[in-house]
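One structure below.
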Amino acid sequence: MSVPRPARVLVVDDSVVARRIISEILDDEESIEVVGSAANGRIALAKIPRLNPDLITLDVEMPEMDALETLSRIRADFPGIKVVMLSNLTRQGGVATVESLFRGASDYVTKASQMESPEAARAFLREQLVPKINALVGSPERSSQVRRRKAVVEPISVPIGIVAIGVSTGGPNALRAVLEVLPPDFEVPIVIVQHMPPDFTRSLAERLDTLCRIRVFEGRTGGRVSPGTAWVAPGDRHMEITGGTDGVSLVTRFGPMENSCRPSVDVLLRSVSEHYGPATLAVILTGMGQDGLAGCRAIDQAGGHILAQDETTSVVWGMPGQIARAGLAQSILPVEAIGPEIVRCVRSSPA
């Protein structure tokens, strides 16, 4: 059996120090080969044909040719190359990063800030960057052992009361594809966990709100769970459902990480399962890891329905792949079919 070749990476950053640190981190990995670096987007575009990288790390803030213009050129001229953005944990960084994801960036990592030492900063960057490069460029997980359930084709016997979505790597474009087909009078509420830090989730919710016919907000404690409204869990906070005499609302809290995530899909899905039981429709979209698996088991045990994105249209078939292999998904669908299937499930269920 042949050994897979290392992922070829081009490092693009206007900072000499940043280029050196990123290159040193990646060169320590047997699965990654740094084939070159560039100080700006114009130089990077000129080097791509000669270096033939599999993946480019691209700083969000660069002079001469900014990151969004560079990304647009990469997507147009070299569509097969993966791009990981490097961003500061700021409001401005969040806006630019979210926009880059909508324009076709594969994923992002945040730069270390306020670390106690350079070594801690390097470790922080390595822990984020290396697994994402390996997931995006490494050998894809095959679906040969997926246990498929029969697709949902019969009317659903229990009224759907809520749609709960979990997503990570590749999420913004997947969410756009799913949410933008929902009508403005969509009959049930939607709650979403997208793995992102603070400010980034706010930017994501605001951008989706401009693109979709339903309303999209960042989650907050006390937010009312109502039809035709989607809530995106805030970065670094778990989001849960709570019920009272005045209806169903949200609670956000700090809490320990689950699956190394905060917000966590499992936390949200357990909460939704407890309040809605068989009236839950859970949807797991593209993403790394297995966050959402335990929550989907709870949804399944409660009699709810589960949809998963297929391997072909997922940026990384980690989260939905876990659901598919566990036999928990009633349907495994391409991302463009999931929105219409959500509408069908809701409208075919009893009023």
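Throughout, read-outs are computed from the coordinates displayed, never taken from laboratory work. Everything numeric in this text was worked out from a predicted model, so none of it was measured. Cβ sites come from the backbone with ideal geometry, for glycine too, and all protein chains shown count toward neighbours.
Remarks
- Two-site label geometry, Glu274 and Ser226: point separation in nm, points 7 Å out along Cα→Cβ: 2.5
- Dipole of segment 162-348, positive direction: furthest Cα of Ser226, Gly289, Cys212, with charges on the beta-carbon: Ser226
- Cα long-axis angle, helix 265-276 against the chain (0 to 90 degrees, to the nearest 10): 10
- For the pair Gln92 and Leu211, a Förster radius of 22 Å applied to the C-beta separation gives a FRET efficiency near 0.60, rounded to the nearest 0.05.
- Segment 216-329, dipole about Cα centre (Lys/Arg Cβ +1, Asp/Glu Cβ -1), debye to the nearest 20: 160
- Structural size metrics of segment 1-95, computed from C-alpha coordinates, are Rg and Dmax of 13.3, 47 Å.
- Kirkwood radius, segment 162-348, all distinct C-alpha pairs, inverse of mean reciprocal distance: 15.7 Å.
- Summary of packing: across the peptides 254-266, 199-211, the per-residue average of other C-beta atoms within 10 Å ranks them, highest first, as 199-211, 254-266.
- Correct option for Rg/Rh (Cα atoms, Kirkwood Rh) [calculated from the coordinates] among (1) 1.13; (2) 0.96; (3) 0.98: (3)
- Charge dipole of segment 29-81 about the Cα centre (unit charges at C-beta), most positive-ward option of Leu55, Ser72, Ala38: Ser72
- Taking Ser349, Ser100, Ser117 and counting other C-beta atoms within 10 Å, the order from fewest to most: Ser117, Ser349, Ser100
- Residue-wise HN-Hα couplings along segment 33-46, as the Karplus relation 6.51 cos²θ - 1.76 cosθ + 1.60 with θ = phi - 60° gives them from phi, are 10, 7, 9, x, 9, 8, 8, 7, x, 5, 5, 4, 4, 5 Hz; Gly and Pro carry x.
- Per-residue Cβ neighbour rank within 10 angstrom, fewest leading, Glu33, Glu64: Glu64, Glu33
- Cut-off under 5 Å, modelled amide H: who pairs with Leu86 long-range: Leu58, Asp59, Val60, Val109
- Rounded to the nearest 20, the size of the Cβ-charge dipole of the chain about its Cα centre is 620 debye, with Lys and Arg at +1 and Asp and Glu at -1.
- Potential lengthening between Ser348 and Arg20 on full extension [0.36 nm per residue; Cα-Cα distance subtracted]: 112.4 nm
- In the chain, lysine pairs closer than 21 Å at Cα, eight or more apart or cross-chain: 4
- Sorted by Cβ neighbour density within 10 Å, fewest at the top, the residues Asp107, Asp27: Asp27, Asp107
- Gaussian network model of the chain, Cα within-10 Å springs - most flexible of Arg122, Arg297, Arg270: Arg122
- Highest GNM mean-square fluctuation among Ile32, Ile56, Ile160, for the chain modelled with Cα contacts below 10 Å: Ile32.
- Segment Arg73-Asp28, length gained on full extension (0.36 nm per residue, minus Cα span): 13.2 nm
- Computed helical MRE - 222 nm, the chain, DSSP H runs ≥ 4 contributing -39500 (n - 2.57), nearest 500: -11500 deg cm²/dmol
- Sequence-distant residues sharing a close amide H with Arg215 (under 5 Å, placed H): Ala230
- Segment 21-124 - percent relative contact order, Cα under 8 Å, separation 6 or more: 22
- C-alpha long axis of helix 16-27 to longest principal axis of the chain, angle in °: 70
- Listed residues Gln290, Gln194, Gln309, most fluctuating in the chain (Gaussian network, C-alpha, under 10 Å): Gln290
- Principal-axis tilt of helix 200-211 within the chain, Cα atoms, nearest 10 degrees: 70
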